[in-house]
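Trainee: Here it is: the structure, laid out below.
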Amino acid sequence: MPKKKQLSASEIASQSQAIEEMEIQRAFEQGITTLRDMISPSSIELYNNYFRLGTKYGRTLYVYGYPRTLYTGWLSPLINIDEVLDISMYIYPVDTQVVMKNLRKKVTQLEASINVGAERGKVRDPELEAAINDAEELRDQLQVGAERFFRFGLYVTLWADSLDELTFIQQKIETIFGQQLVFSKVATSQQEQGMNSTMPQCTDQLQIRRNMNTGAISTCFPFTSADLTQENGILYGINMHNNGLVIFDRFSLENANLVVFAKSGAGKSFTVKLEALRSMMIGSEILIIDPENEYQKLCDAVGGSYIRLSLNSDTRINPFDLPKVIDSDEANDALKANLVTLHGLFRLMLGGNQIGPNGQMVPALNPNEEADLDQALIDTYARAGITSDPLTHQSTPPTIINLYDTLLHMEGTGPELAQRLRKYTTGTFAGIFSQQSNVDINNQMVVFNIRDLEDELRPVAMYIVLSHIWNTVRAEKKKRILIVDEAWQLMKYDDSANFLFSLAKRARKYYLGLTTITQDVDDFITSKMGRAIVANSSMQLLLKQSPSAVDALSEVFKLTSEEKKRLGNFPVGQGLFFAGPSHVHIQIIASQTEESLITTNPNDQKTQV
C-alpha cells in the first residue's frame, strides 16, 4: 500500500493560516456595498408578457405594421403622453444596389400576379396596382439618389407600479398607435430582450424591422413636441406637454405684440406683471396704463415712476404736444399725424359715435363740425408759431384753452363746439388736460394710474396717455413694452379702438411691444378693430375663460375640441400660450420673491400659479 505523506507541524500551521485569511477576506468582501449595489434594483423577475425590475413593472411592445403613408409628427402624441416610457428606434442603412435588385424582382412578381389574374378573368386588384406604383416610384427616387433605403425598428417599454396600471397604460399606447393605423404587439416570451433593446446601450435584441425610405424615416423624428424654448428671452412658465421651460423673446417674432384674454381672477395681471419684471432684467423699459391701481407695489419695488391722473392731482398732460422726432421724413409729418390723433380725441371727448334709435351710427361730429374743427386746430397751432415746418416744432405747443378761444371766435359751428368743450377748459374736467405737460417718463418703469378718474373721463385719459407715450416712443427707439390693462374700455369707441390698432400695427417699427389685456372678451373679439389687433399680435395668451367667451375664442384661434374644453376649466395660472405658429399648454410660475411683489391676493396668501 502507498504511504501517505506526513505534513510537518509548520506546513499544517501555514495551511491553517491561509484558510483563515481567505475566510477573513470573504467576510470582508461580503460586508462591502459597491456602487453597483446602490444604483441597481434589488432583483429582476421575467414573465411571459411582462417583467418586474425591483418594485417596478415593465412591458415591452414592438411595432410591426405601418400605414401606406406616414405624416410628420405622427409620434408626437406618444412622445408627449404623460406616462413613463422608454422608446428606442433602430435605423439600419441598406445598400442601394441591393434594394434596386430586390425591387426589380418584386415588381416582376407583382406584374406577373396581375397578368395571371387577368388571364383567369379576375377583376383588377387595386392593392396590387398601388404596390407596383409605390415600388416603381421608389425605384426612380433611388436611381437618382433622391432617396435612400433603411431598415427601421421601433420598441416601447412601459413602466408602472402595478400590473393593472401597466395594462391601462398599454391600452392608451395601443389606442394612440391605432389612431395612426400603426399596429403593435407585446414582445411575448422576449421581455428580457425587449427591456435590453430599450435600454441606453444600443443593442437591438428583438430585431423586428420594417423597410422604410428616407421620407418615411424622417416622419419618425422624435423631437416634434410643441416647444417654445429659445437661447435668449425670459421664462414664461412650464410647458405642460413635456415639462420643458417656455423661454421666449417676444422681440424675435415679426412683431412683439401680445394679447391676454382671461376672466377675472384667472391670473392675467399676475402673468403680465411677471413678464414685465423679468423683461426689465434684460433691459426693456416698461410703460403701463393701470386702471385699477394693481401695479403700484411692483413699481415702487423697482424704483419706477408712478403717475396718478385725477382731477385733484398736479399731473398734467397736454394732448397738443408734438413728438421730438429726429427722422426728417417723420418730422415733416409730425404735425399732420398729431392733427389726425387730435381729431379722434375730440370726437371721443365730445361723446363719441353713438347708436341712434334706428340702430344706425350717429357720428359725434357732422361734416361741417369736422371741417371747422380741423381749421381751428391748424389755426391754434399757427398762433403758437407751429406750422408744417419742422423747425417750428420746438415752440411751446398750444392747449385746449387756446383751441377753445379759436373756436369761440370762428364763424359757423365754431362757437357751438367751443361750448361743448368748455367742461374741459373751465368746467368740471378742467386742468388735467388743458395745461402744459409736466410728466417725465424717463424711467425704466412708468405707470399711469387712472383709477381715480371719473368713468366718463377714463377713455379720454387712456387715449391721451397712449398718444403721449407714442410721441415718446417715436422720439427715441428703445426696447419697450407698453401694457394697456382693461383695453375693452378703449374698444367701446371707434376712434380710441382705431388708435389702439394703429399702435399695434406700427409698434414694431419703433421697437415697441404692445400688451393688450382684457376680460371682456366678447366686446373685444366681436369688434372689427379688436380682431385686427389680435391679427397684428404675434403672441396670445388665453387663460381661463367664462363659458360665453369660449366659443368666440375657439373660432378666432381655431382651437381643437380638447383645447376648447380645457379653456373653460383651466386652474388659475394655466392657459394656452401662442407664439407665432406654435402654441403650448403653459403653467405660469414665479419665485417666492416675485410672487410677493406682484400678487393681487387681498389676503396676501400664496397664489398658486
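Trainee: Any idea how far apart L311 and A18 come out in nm if each label point goes 7 Å out from Cα toward Cβ?
Mentor: A separation of 11.1 nm, rounded to one decimal place.
Trainee: Also: Put +1 on the Cβ of every Lys and Arg and -1 on every Asp and Glu Cβ in the chain; which of T399, Y50, Q574 then has its Cα farthest towards the positive end of the dipole?
Mentor: Of the options given, the answer is Y50.
Trainee: With +1 on each Lys and Arg Cβ and -1 on each Asp and Glu Cβ, and nothing else charged, work out how big the dipole of the range 44-218 is about its Cα centre, in Debye to the nearest 20.
Mentor: On the way: 18 positive and 21 negative charges, 108 e Å.
I would put it at about 520 debye.
Trainee: Where the centre of each part is set by its Cα atoms, how far does the range 121-178 sit from the range 241-273, in angstrom?
Mentor: 39
Trainee: Something else: Which value in deg cm²/dmol, rounded to the nearest 500, describes the helix-derived mean residue ellipticity at 222 nm for the chain, given -39,500 (n - 2.57) per DSSP H run of n ≥ 4 and division by the residue count?
Mentor: Working: 22 runs with 257 residues, N = 609.
Calculated at 222 nm, the ellipticity per residue is -13000 deg cm²/dmol.
Trainee: Right, next: Measuring from centroid to centroid over Cα atoms, what is the spacing of the range 534-572 and the range 52-101 in Å?
Mentor: Cα centroid to Cα centroid, the span is 34 Å.
Trainee: Same structure again: Along the charge dipole of the chain, Cβ charges K/R +1 and D/E -1, which of S388, Q207, L322 sits furthest on the positive end?
Mentor: Positive-most Cα among the choices belongs to Q207.
Trainee: Among K324/K509; K324/K477; K477/K509; K268/K544; K492/K565; K492/K528, which pairs are too far apart, with a Cα-Cα distance over 18 Å? Display every interim value, and only then the final one.
Mentor: Working: K324/K509 16 Å; K324/K477 12 Å; K477/K509 9 Å; K268/K544 9 Å; K492/K565 29 Å; K492/K528 11 Å.
As for pairs spanning more than 18 Å Cα to Cα, those are K492/K565.
Trainee: Leaving out same-chain residues fewer than 8 places away, which aspartates and glutamates sit with a Cα under 13 Å from that of K423?
Mentor: E456
Trainee: Aspartates and glutamates within cross-link reach of K558: Cα-Cα under 17 Å, excluding same-chain residues under 8 positions apart?
Mentor: D522
Trainee: At a Förster radius of 22 Å, what calculated FRET efficiency corresponds to the Cβ-Cβ distance of M100 and A130, to the nearest 0.05? Don't skip to the end; give the middle numbers.
Mentor: Working: r = 20 Å, r/R0 = 0.92.
Once the sixth-power term is evaluated, E becomes 0.60.
Trainee: Tell me, T60, T526 in order of fewest to most beta-carbon neighbours within 10 Å? Could you put the intermediate results ahead of the total?
Mentor: Values: T60 26, T526 11.
If I rank by nearby Cβ atoms, fewest first, I get T526, T60.
Trainee: Let me ask another. How much length is gained on full extension from T203 to R422, taking 0.36 nm per residue of separation minus their Cα-Cα distance?
Mentor: Details: separation 219, 0.36 × 219 = 78.84 nm, distance 8.64 nm.
Stretched fully, the T203-R422 segment lengthens by 70.2 nm.
Trainee: Right, here's the next one. How would the chain be classified by its alpha-carbon gyration tensor: rounded, prolate or oblate, with rounded meaning a/c under 1.5 and the a/b versus b/c comparison settling the rest?
Mentor: On the way: a/c = 3.28, a/b = 1.95, b/c = 1.68.
Prolate, since a/c reaches 1.5 and a/b exceeds b/c.
Trainee: With +1 on each Lys and Arg Cβ and -1 on each Asp and Glu Cβ, how big is the dipole of the chain about its Cα centre, in debye rounded to the nearest 20? Don't jump to the answer; show the numbers that get you there.
Mentor: Working: 58 positive and 72 negative charges, 360 e Å.
Here the size comes out at about 1720 debye.
Trainee: If we sort 108-119, 83-94 on the protection proxy, mean other Cβ atoms within 10 Å, highest first, what's the order? The partial results should precede the final answer.
Mentor: Values: 108-119: 12.3, 83-94: 14.5.
My ranking of the peptides, most packed first, is 83-94, 108-119.
Trainee: Given a Förster distance of 41 angstrom, what is the FRET efficiency for A146 paired with Q171, based on the Cβ-Cβ distance and rounded to 0.05?
Mentor: Details: r = 40 Å, r/R0 = 0.98.
Here the calculated transfer efficiency is 0.55.
Trainee: Can you sort V98, V340 by how many other beta carbons sit within 10 Å, fewest first? The partial results should precede the final answer.
Mentor: Numbers: V98 10, V340 15.
Ordered from fewest to most neighbouring Cβ atoms within 10 Å, V98, V340 come out as V98, V340.
Trainee: Which links in K273/K336; K263/K564; K263/K479 stretch past 24 Å when you go from one Cα to the other?
Mentor: Values: K273/K336 35 Å; K263/K564 15 Å; K263/K479 29 Å.
Violating the 24 Å Cα-Cα cut-off are K273/K336; K263/K479.
Trainee: So, one more: Leaving out same-chain residues fewer than 8 places away, which lysines sit with a Cα under 29 Å from that of K106?
Mentor: K106 reaches K122, K185.
Trainee: Moving to a separate point now. What order do you get for T516, T413, T188 when you list them from fewest to most C-beta neighbours inside 10 Å?
Mentor: Details: T516 28, T413 19, T188 10.
Arranged by neighbour count, lowest to highest, T516, T413, T188 become T188, T413, T516.
Trainee: Here's another thing I want to ask about it. Any idea how far apart N49 and L181 come out in nm if each label point goes 7 Å out from Cα toward Cβ?
Mentor: 2.7
Trainee: Using a Förster radius of 51 Å, what is the FRET efficiency between R451 and E411 based on their Cβ-Cβ separation? Nearest 0.05, please. Show your work: numbers first, answer last.
Mentor: Working: r = 42 Å, r/R0 = 0.82.
Given R0 = 51 Å and the Cβ-Cβ separation, E is 0.75.
Trainee: With angles folded into 0 to 90 degrees, how steeply does helix 328-349 sit against the dominant principal axis of the chain? Use alpha carbons for both and round to 10.
Mentor: That helix lies at roughly 80 degrees to the long axis.
A short reminder: the numbers here are calculations on the coordinates, not readings from a lab. Bear in mind that the values here come from a model prediction, so they are computed numbers and not experimental data. Cβ coordinates were reconstructed from backbone atoms using ideal geometry, including for glycine residues, and neighbour counts include every protein chain displayed.
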